[in-house]
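The structure appears right after this line, and notes come after that.
The values are calculated or read from the model by the stated rules, or taken from the named source; none is laboratory data. What you see is a predicted model, and the numbers here were worked out from it, not measured in a lab. Cβ sites come from the backbone with ideal geometry, for glycine too, and all protein chains shown count toward neighbours.
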Ligand code: AVJ
Ligand code: FE
């Protein structure tokens, strides 16, 4: 077979893969809007997050900008939308005035028709990375849409409850100083032996912040087999964890005084949730709980090694279980369930080191600041990652029940301010030495 026909076959394959991935991604995005009312579509549920309708328009805008304007060289489609839907256009507080869903549907469809016609002749072999970026861009906005919708439902529910149960916030005595026993420290942990592993990802799908793959040496450490569950976290609440400065970092205690909360955001004390991971905690709460049980949060490198490294082959796995595409047999993702699942629900998702529930279910806070790997190069624009290498964002790993399949892998890096609790985040703990109080280091 000649080199030429080989090349042709491969670019045909790339086109087909991209088309199918974009199509599937869009089906999932639009499914999030089924039965939505106009108020929910345009309301800003939290100052940090735009209305869900804005995200939908921004998905179309971004696709048109990169593929139709920058690649195909076409003039701007719907220039009247530029200011509203550009990431650096209007402030988040002025994004409630979005066109109705039917109009944004039309925008999405018009862009997509032109994109698919461009795709037929586009030089995809040179552009492959950009197309994968855009699929993941829509995927990530899809997750934001999912948790903003959950947040709105939650607010409604809270208002409803307040009408019936006056001041139902958990009432714990701050006097319970019997914190000497910490049973939750005794949860199952996995020992990760000292040695090098390969961190990051160089594949065509990898985002700029995952590059380049590099060697990292870690001393022996232990990491929880499962994310921290609601049953375990309840001990912290009931022991007066939210009232006791002792467990909190100085920044965390300051945050707690300014934002007086006494339980995670998405909290229910019903025992049906006992085996589910905690969801809706800030980094500060995760850090305080870890100290409470004499542990600490894992660094990003510790988390990634436990999730991806296969010591037997000396190679990283893309997913904890290997290379097979993530689906609902391996983890809780893609809104398949629409909420958290028990932490031991996916034995087929286990990593080589025997850690469970690493991908999907809840994002997991790590001890690490979001920062560049050596030799970092921005792609496709500075504002995607580089702007956030500011020493103010913490890395989250693993993905949640709302993470789309194309944006979930062990090397994937998410980042938020440590004060954010609206995202679908929990955590697991780590220690350096089994018998030392790591909270003291
Ligand atoms: C990586 C999820 C924090 O949503 O702000 C979307 C992803 N960047 N469009 C975000 C992103 C540009 C980003 N997060
Ligand atoms: Fe975006």
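Structural remarks
- Out of 47, 91, 51, one residue alone is within 16 Å of ligand 1 (Cβ to nearest atom), outside the structural domain of residue 205 (by TED's automatic domain parsing) and without any contact (Cβ under 8 Å) to a residue 24 or more places away in the chain. It is 91.
- Condition check for residue 372 on (1) closer than 22 Å to residue 309 by Cα; (2) not in a loop (DSSP other than H, G, I, E, B): one failure, at (2).
- Note on the range 38-96: no enclosed helices (runs of 4 or more DSSP H) hold 3 or more residues that are on the phi > 0 side of the Ramachandran plot and under 23 Å from the mean Cα position of the chain (by Cα).
- In the range 32-44, residue surrounded by the most Cβ atoms within 10 Å (Cβ to Cβ) [restricted to those that are closer than 17 Å to residue 402 by Cα and in contact with a helix residue (DSSP H, G or I) (Cβ under 9 Å, 6 or more places away or on another chain)]: 32
- Any hit, the range 351-358, residues being within 13 Å of ligand 1 (Cβ to nearest atom) and either without any contact (Cβ under 8 Å) to a residue 12 or more places away in the chain or within 25 Å of residue 207 (Cα to Cα) (or both): no
- Among residues of the range 54-88 being more than 26 Å from residue 121 (Cα to Cα) and free of Cβ contacts under 8 Å to residues at least 24 places away in the same chain, the one that is surrounded by the fewest Cβ atoms within 10 Å (Cβ to Cβ) is 80.
- Taking the listed residues 278, 216, 228, 261, the one that is in contact with a helix residue (DSSP H, G or I) (Cβ under 6 Å, 6 or more places away or on another chain) and within 26 Å of residue 46 (Cβ to Cβ) is 278, with no other qualifying.
- You will find that of 409, 394, the residue that is away from ligand 1 (no atom under 13 Å from the Cβ) and under 14 Å from the mean Cα position of the chain (by Cα) is 409 and no other.
- The range 135-146 residues that are part of a helix (DSSP H, G or I), paired with ones that are within 9 Å of ligand 2 (Cβ to nearest atom) (beta carbon under 6 Å, 6 or more apart): 137/62; 138/59; 141/55; 141/59; 144/55; 145/55
- One residue from 370, 389 being within 16 Å of ligand 1 (Cβ to nearest atom), modelled with pLDDT of 95 or more and crowded, with 17+ Cβ neighbours inside 10 Å: 370
- Filter result (within 25 Å of the chain's Cα centre (by Cα) and crowded, with 21+ Cβ neighbours inside 10 Å) within the range 235-251: 236, 248
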